Amino acid sequence: MTDLEVGPGRVRAGSGQGPGRPDGPRAYDGAMATDQSITVTRTIDAPADEIFDVLTLPARHPDVDGSGFVVSDPSNDRITAVGQVFTMNMQGEHMGGDYQTDNHVVGYNKNSLVAWKTAPAGTEPPGWQWVWELKADGSDSTDVTLTYDWSAVTDKDILQKVHFPLVSREQLEDSLGNLAAAVSS
């Protein structure tokens, strides 16, 4: 796979390095972690376009989320391009209960990549992002890689309030399992 650089967040897919990817080789053995990112991979028995349809419809994100933080999407808009912002209703004690996030799309390549940087609603992203990469493995199977990367968080107040990683490797793996179930339903 060649490097694909997309959007203002310069998510680079395919190299195993750069924003949205931990330094070092791609992890297709299930999981990889660095000090500032976690990457998990799973093969899902569905075509990439069906998986991409779920990931690019934020209204489906509560079905996929393995952390339990995502509650709902107040709109029903599909992600179609870098630069879009979608808002999610969330819940978590780390934020004192109910809250909203604005998610700034920084990577988009139809049926192979969608990525966004998350921020408290009404603010600019402070440095963490979610990267979903899809690689077709035949016509009815797809390798799905999810990376949670907080390497760009530098705000000392945020680093004191939020103890990264806020979402564990197990919760990311649960997200992949939930995605597999969502695609098959």
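Values quoted throughout were computed directly from the atomic coordinates according to the rules given, and no laboratory measurement underlies them. In this text the structure is predicted, and so the values were computed from the model without any measurement. So basically every Cβ, Gly included, is an ideal-geometry build from the backbone, and we count neighbours across all protein chains shown.
Listed by chain and number, the lysines whose C-alpha is less than 29 Å from the C-alpha of Lys110, apart from same-chain residues fewer than 8 away, are Lys135. Taking other C-beta atoms within 10 Å as the exposure proxy, Glu124, Glu170 rank Glu124, Glu170 from fewest upward. Pairs of Cα atoms nearer than 8 Å and 6+ residues apart set the relative contact order; for region 62-185 it is 22 percent. Taking 0.36 nm per residue of separation and subtracting the current Cα-Cα distance, fully stretching the chain between Ala121 and Asp45 would add 23.9 nm. Take the Cα of Asp98, step 7 Å toward its Cβ, do the same at Ser141, and the gap between the two points is 4.4 nm. With R₀ fixed at 30 Å, the C-beta to C-beta distance from Ser168 to Asp53 puts the FRET efficiency at about 0.65.
Under the simplified labelling scheme, the Ser67-Ile158 pair shows an inter-label distance of 1.2 nm, with each label point 7 Å from Cα along Cα→Cβ.
Sorted ascending by nearby beta carbons within 10 Å, beginning with the fewest, Ser139, Ser151, Ser75, Ser168 become Ser139, Ser75, Ser168, Ser151. Residues Lys117, Lys156, Lys110 in ascending order of nearby Cβ atoms (within 10 Å, fewest first): Lys156, Lys110, Lys117.
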